[in-house]
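Scroll down for the structure; my scribbles are underneath it.
The values are calculated or read from the model by the stated rules, or taken from the named source; none is laboratory data. Everything quoted here is computed from the prediction, not taken from an experiment. Note: ideal-geometry Cβ built from the backbone for every residue, glycine included; neighbour counts use all protein chains shown. Side chains included, ligands, DNA and RNA excluded: accessible areas come from the protein's heavy atoms. Shrake-Rupley method; radii C 1.70, N 1.55, O 1.52, S 1.80 Å.
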Amino acid sequence: MFDFYFNFPLWFRLPLQGLAVILVLFPLAAACSMAERKISAWIQGRPGPNRTIAPILAWIPGMGVLQRLGIFQLAADGGKFTFKEDGVPGHVNKFYFILAPILAMIPALTTVAVVPFGAYLDSAGKLVPIMLANVDVGLLAVFAVSSLGVYSVILAGWASNSKYPFLGSVRASAQLISYELSMTLSVLPVFLLVNAPGGHGTLSLVDVVAMQSGGWHGFTAQSWHGLWGVCYLPLSAFIFLVALFAETNRQPFDMPESEADLVGGFHTEYGAFKWSLFFVAEYCHMIVGSGIFCLLFLGGWNLLPWLPLAKLAGLLGIAASPLLTGGLGIVIFLGKVAAFIFFFMWVRWTLPRFRYDQVMKIGWQRLLPLAIANLIFYLLAIALTQK
Amino acid sequence: MIPLTLNACLVLSAVLFALGFLGVLLRRNTLVIYMCLELMLVASTLALVAFSHFNGTLDGNVFVFFILTVAAAEVAVGLAIIVALFRKRHTIQVDELNSLKN
Amino acid sequence: MAVIQVSRKPLTFAERTYLPQIVGGLKTTLKHFFAPNDTMEYPEQRPAIPPGYRGVPTLVYDPHGREKCVSCQLCEFVCPPKAIRITPGAINPDDPTAHVEKRPQEFEIDMLRCIYCGLCQEVCPEEAIWLQNQYSTTGLSRAEMVNDKQKLYELGGTLPDEHFKWDKKKAAEGGGHAH
Amino acid sequence: MTDLLFNLFAVFTVACAAGVVLCRNTVASALSLLLCLIGVAGLFALLNAVLLAVLLVFVYAGAVVALFLFIIMLLDVQGGERLPFKGATLASGVLAVGLLATGVLSLATHARLPAVAAASPAGSTLRDYAELLFTQYMLPVQVVGFLLLAAMLGVIVLSKKFAGLEDIK
Amino acid sequence: MIQPAKPADLVTVNIDGKDIAVPKGTNVIEAARLVGVDVPHYCYHPKLTVVGNCRMCLIEMGLPAVDPATKTPILDPATGKPKINWMPRPQIGCGTNASPGLHIRTTSPLVKDCREGVMEFLLINHPLDCPICDQAGECKLQEQSTGYGRGYSRFIEQKNVKPKRTQLGPRVTLDDERCILCSRCIRFTKEIAKDDVLGFIDRGSHSTLTCHPGKRLENNYSLNTVDICPVGALTSTDFRFKMRVWFLKQTNSIDPESSVGANTVVWSREGTIYRITPRRNDEVNDTWMADSGRELFKAVRAPDRLTAIKVHGADSALEIALNAAAKLCQDGGVAVVGSGRSTVEEQFLTKRLAATLQAPVYLVSRVGKGDGLLVSADRNPNIRGALVTGLIASLPEVGKEGAAAPIRIGGLTLPSGCPFPVGNGTAPLAELAAAIAAGTVKTVISLGEDLVIANLTAALLTKVSVIYLGTQANATSAAAKVVLPTLTVFEKSGTLVNQQFRIQKFAKAVPAAGGAFDDLMVLAKLIAAVGGPALPSDLTALWKTIAAEVPTLATMTYANLPDTGLLLDPTPWAGLPFVEGETLHFKPAAAAVASPT
């Protein structure tokens, strides 16, 4: 039913998809920022932003609830970021200074393209993933592109030409490179399982979800496929989780910012719109990272273990409608992502920041050996069981 | 408009290699020299990929794996050497690293 | 001095991974997440002012509407940051309170200087200056932050007070003790 | 379409490569290298080697150049070069490059390479790569693995100060 | 105070165990003061007769016991000291004079009980007025109830109510409730002011201070009753409710209204003077001063105060004005009108100015009727300073009394009924007038003197260029080409030489009014501008020059002058016809002519 779309010429589809990414991710990031404020407030026992409202809207009944939830704070923030005077300090390297936030947006927005965020059943009863670009290197592409994100931090810190941003960016570059290793290694067992002998050789995230989409077949080996990745790859999930926190510069790993000792870290000299780009990029990273984690370890768009989307659609009697099934899949997936983002924020307001040497120690001396051991364990396990 | 042919790819690869070579010869900053070395390596991978593509085999591509691996190892060691050098001599300019000259 | 060496209990493996502690922390924060807010939403909700609160110093009238201050200037003298400025003056003989003879012509308290120490209230022999429960003073200019006599009486109002020293004296003037 | 993209990427890559050589600022050189690599990745993709393109970006752009920048900032030596080149080295360099260019040009014009017009790759799935790597090229894989190990140890030896071994816990 | 006594007149008394030799006739309060013991008192005043009616100064006294048989002192066997026969009842300290061997106890339980009792009785009917009372802070009742009182009241009955706010005279307000009937004011008016207007009427708790029928307390010394009133019963109408005394800064000053040079204290707060009170100087004014001198501070903030430098009527800057003045002087024909109100330092600089310009110096005499007390006939406070510094060699000509307009003090409208001794005679500066008329004088420099009052008519002034240095606007400043505002006596420091040839110093009480400049600085710059030597304008530095040049003042510095002044040797001017008659501590020399009354 979406064939008409694929009949459009490529030059029309690509900008449309790009626009869709921007139009979806920006509000999502904004919503995340709102959620962050509210969640931090509630965890700290205060109400959080709850005053902002446009005077015109105040007339509409029921707006008060939204106001208390701080919805309009979003618009206020956005307006401020957009219209505030966007100064460039005199001592910076102007070209790279302006380039850095733009560079931050590129990987943040690009990675979404290869993340499947739902699936529907086509007329043949086959699950078709919903994603913007289906490349079979899947996850590798995400890693490759998101690894470019480090450049914005490095450039921002270097171009700011002042010591705190500089320190922040040096820390960031070392941290990002360090945790990339563990992250990649932790994911390998997932694909070892996907590509186990008899598999077809892929890095596609869709196939990872497909692996977790099995039904209940009694206490047989087949029932493994109904479980989620986190059940049989707990260590991988854990390492990936920790590395994800580090890669997205979230607490307790937000070395590049660490406002207590570095003022504002790499974006100390930034303000207004340029700063908001960094801000949005961080949330985009968070969203994409949460999505990847859900796909890899939390069953993607499957509601529960042993209850894949197709089965759920059948139970609900909507399997015939691709639109409804797709919508259901997207809702389930986004729900998981939202929950995971909540987890991000929950952790942020729970754990204190690590010291920088601790970050390095955890990355190289704990996480990396653990990831290697994990990998070897699964290598052996697969080699022995899949004879 | 130059069509995408093996020749074109090879010429492009050669140009990149030559540029990297030029950089190695001309620049005095060890870091930049290293970057130019990387450039030469990348140029060679381009030729390999082109060969592989136009030959219809994957062997060239597979070699790129090895080159990437070796390049990564080389960069790690090279940068470590540069850092060690800088700690000792407080410079990374090749023409200032001339203690063997006299 | 006996020094007792207490050896620290070695951490268990679980403790060294920190994971139980992290989970415990997450539990705590989640509990707070659902707990009701501790914050008071200020303009709508106001704190209960405890008795004896030292808010903005004010001048008060006695229950008969007489301004109690006789401008003895002790508060001006005692004020540590010199926030008080009084211009004394005589009361007009045809004024109903003429028997008090003296009252402030001007009475200014610079709230930018005031440190709310309460010494003025402490020293006042007429109990005319009170630090009441007004705690929020704002202004857009320095001049606005100087409370003049009118403002001070507005803030202070009337305090129920059974001291009628001056009125008793006035009553005695008509009594048998007058000479 | 492919030709157009090829040309675009080629020009872009060469320009960026020139930037690496010519930029006086070390950071600018490194960024040029980054862009150059992205251009090469694009060329790889055009040559049906998407996996290699992604790997190139992952390994080179994601780690190697970042490492370069990290070292540049660590040593804080950017902009230290007085002149990019010396006269003599310039002359010899141009001569060498000229010779190289002549060779390549003669290769391009005289070598009769088989005019295979975009032969379809034998298949570029991961499985094909894996089969080649772990059968035919098993020995090189092992060798490279040892090389990596050696490099890792070498880096540790080089960068760690061994004044007091007890420092390493 | 008590005159230095011959050693033979000294008697030894023992106060609280300490022996001290005091002149015979000294009462116990004064003797105790010499050993640093404070005997509280209300009615006693060292300059007034002793009446002993407050009973506050009760002490225990005793004399050594003498063996009637041998006429030798009986020794106490325990201590080996003479045995004292203490009187069983306490005595008043003010009325007990020192006699040989007198023993006094001021801290015994009996004395303390007595004081407490007296205080309690004094306070019974005293109103709780302290918050509004002007005496609060310098009130003896407050001080001594703190020091010797019982601290709380046992009196539950209603207090007496007496008239408040009675106007005894134009300047004194009486609050009868506060009066403790010490009678100091009555004795003062009778004994010092010789104007017996006050007295008590009624008896017991009805006793009230009042004026005798048909009389008012309106003599020129009425405010001294306020000063000596130990409580807040007598208050100054002018100072009433103006400011609490504890805020006021005290600065020693000199009353400039006449050549008596009464010592005063100027009370000011934050640059505003609130009142002037006398300062005790037993050689000059005892503890008194005239009412007329207490209002002079109002000139500082008077509406006619000059606050801007004017050159040809336009506002100008000091340097420009000095240059303009120098230009007016450069053609010669300059006359300097000095002033008997200037300080010694200013007169010294005036002399140097005249010397530089080779100009004759004239002085305006200012003569009124002396009251024989603290206002002398010569209303110039420093005419002798002009003689000492050599500004003038002989006294200015004295005009006929009443021929000129009254002296205006800073443009004040003084309260009606104030019997200021305003009869004045200023001599016409006849010589100067003639010179102006003849055209030989083209420029007149006036140092604060109104030439029109000095009988130079406005028509004459149009013929000359006037350079005026002064504090208040007048006809001369209006006619002047160059006006340089200067400081009043309260804004500067300096010295004056009074009729006894006593050089006395006064200090700056308040900062200079905006726009006015220090006289010394202006004069020094003017001297420099007209081509004279560079002279210091700083008082300490200037005194070095003065001491070097003026033989009478050699060895003196400003800082070294005692607060009570220093007598100069008057012999060089002994023959001059000074106009003053007798005042409190001054008797004119035989050669002096009587005042022109």
All-but-one check, C:Val123 against (1) farther than 17 Å from C:Phe77 by Cα; (2) over 10 Å from the mean Cα position of the chain (by Cα); (3) surrounded by 14 or more Cβ atoms within 10 Å (Cβ to Cβ), failing number (1)
Is it the case that the range C:33-49 has a residue that's modelled with pLDDT of 90 or more and among the β-branched types (Val, Ile, Thr)? no
Quick one: which helices (runs of 4 or more DSSP H) sit completely within the range A:256-334 and have at least 1 residues that are over 30 Å from A:Tyr164 (Cα atoms)? A:272-297, A:309-316
Among the residues of the range C:127-150, which ones are touching a Ser or Thr at 6+ places or on another chain (Cβ under 9 Å) and not in a loop (DSSP other than H, G, I, E, B)? C:Ile129, C:Trp130, C:Leu131, C:Glu144, C:Met145, C:Asn147
Of the listed residues (B:Ala47, B:Ala43, B:Ala80), the one being open to solvent by less than 30 Å² (accessible area, probe 1.4 Å), without any contact (Cβ under 8 Å) to a residue 40 or more places away in the chain and under 23 Å from D:Val141 (Cβ atoms) is B:Ala47
May I ask you to verify whether B:Phe21 is crowded, with 16+ Cβ neighbours inside 10 Å, among the aromatic types (Phe, Trp, Tyr), more than 7 Å from chain D (Cβ to nearest Cβ) and within 16 Å of the chain's Cα centre (by Cα)? no
Can you give me the number of residues within the range C:1-55 that are over 30 Å from C:Gln132 (Cβ atoms), of a type in the set (Gly, Ala, Ser) and more than 10 Å from chain A (Cβ to nearest Cβ)? 3
Could you check the range A:142-195 and list, in sequence order, the residues that are more than 25 Å from B:Ala72 (Cα to Cα), open to solvent by 10 Å² or more (accessible area, probe 1.4 Å), of a type in the set (A, V, I, L, M, F, W, C) and more than 8 Å from every other protein chain (Cβ to nearest Cβ)? A:Leu167, A:Leu193, A:Val194
Does C:Lys102 satisfy being charged (D, E, K, R) and either touching a residue at least 60 places away in the same chain (Cβ under 8 Å) or within 14 Å of chain E (Cβ to nearest Cβ) (or both)? yes
Output the residues belonging to the range E:165-192 that are farther than 19 Å from E:Cys54 by Cβ and open to solvent by 20 Å² or more (accessible area, probe 1.4 Å). E:Arg165, E:Thr166, E:Gln167, E:Pro170, E:Ile192
For the range A:37-48, give me each residue that is within 12 Å of another protein chain (Cβ to nearest Cβ) and closer than 12 Å to A:Ile71 by Cβ. A:Lys38, A:Gly48
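Residue by residue, here is whether (1) open to solvent by 20 Å² or more (accessible area, probe 1.4 Å); (2) farther than 21 Å from C:Glu101 by Cβ holds:
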position: E:Ile201; (1), (2): yes, yes
position: E:Thr210; (1), (2): yes, no
position: E:Tyr221; (1), (2): no, yes
position: E:Pro256; (1), (2): yes, yes
position: E:Ala262; (1), (2): no, yes
position: E:Val265; (1), (2): no, yes
Would you check which residues across the range B:5-18 are more than 10 Å from the chain's Cα centre (by Cα), open to solvent by less than 30 Å² (accessible area, probe 1.4 Å) and among the hydrophobic types (A, V, I, L, M, F, W, C) and list them? B:Leu6, B:Ala8, B:Cys9, B:Leu10, B:Leu12, B:Ala14, B:Ala18
Those residues of the range C:104-116 which are open to solvent by 40 Å² or more (accessible area, probe 1.4 Å) and not hydroxyl-bearing (Ser, Thr, Tyr) amount to C:Gln105, C:Glu106, C:Glu108, C:Leu112, C:Arg113, C:Ile115
Of all residues being open to solvent by 80 Å² or more (accessible area, probe 1.4 Å) and over 14 Å from E:Tyr42 (Cα atoms) in the range E:136-164, which is farthest from the other protein chains (Cβ to nearest Cβ)? Just the residue, please. E:Arg154
Would you point out which residue out of E:Thr70, E:Thr12, E:Thr49, E:Thr79 is in contact with an Asp or Glu (Cβ under 8 Å, 6 or more places away or on another chain), open to solvent by 30 Å² or more (accessible area, probe 1.4 Å) and in a loop (DSSP other than H, G, I, E, B)? E:Thr49
If you check every pair at least six apart or on different chains, which have Cβ atoms under 6 Å apart with a residue in the range C:34-47 that is open to solvent by 60 Å² or more (accessible area, probe 1.4 Å) first and a residue that is among the small types (Gly, Ala, Ser) and assigned to a loop (DSSP other than H, G, I, E, B) second? C:Asn37/A:Gly45; C:Asp38/A:Gly45
When residues of the range E:247-276 are limited to those that are in contact with a helix residue (DSSP H, G or I) (Cβ under 6 Å, 6 or more places away or on another chain) and of a type outside the set (Lys, Arg), the one farthest from C:Ser71 (Cα to Cα): E:Glu257
Looking only at the range D:9-53, which residues are open to solvent by 20 Å² or more (accessible area, probe 1.4 Å), facing another protein chain (nearest Cβ under 7 Å) and not small (Gly, Ala, Ser)? D:Val14, D:Leu46, D:Asn48, D:Val50
Scan (1) open to solvent by less than 30 Å² (accessible area, probe 1.4 Å); (2) at the interface with chain D (Cβ under 7 Å from one of its Cβ atoms); (3) within 23 Å of D:Leu75 (Cβ to Cβ) for the single condition B:Phe54 breaks and write down its number. (3)
Considering C:Pro93, C:Pro88, which residue is open to solvent by 80 Å² or more (accessible area, probe 1.4 Å), of a type outside the set (S, T, N, Q), more than 18 Å from the chain's Cα centre (by Cα) and within 14 Å of chain E (Cβ to nearest Cβ)? C:Pro93
Test B:Leu46 against the criterion of being at pLDDT 85 or above, facing chain D (nearest Cβ under 7 Å) and either touching a Ser or Thr at 6+ places or on another chain (Cβ under 7 Å) or over 30 Å from B:Thr5 (Cβ atoms) (or both), and give yes or no. yes
How do the helices (runs of 4 or more DSSP H) wholly within the range A:1-72 filter down when requiring 3 or more residues that are surrounded by fewer than 11 Cβ atoms within 10 Å (Cβ to Cβ) and within 29 Å of the chain's Cα centre (by Cα): which remain? A:10-43
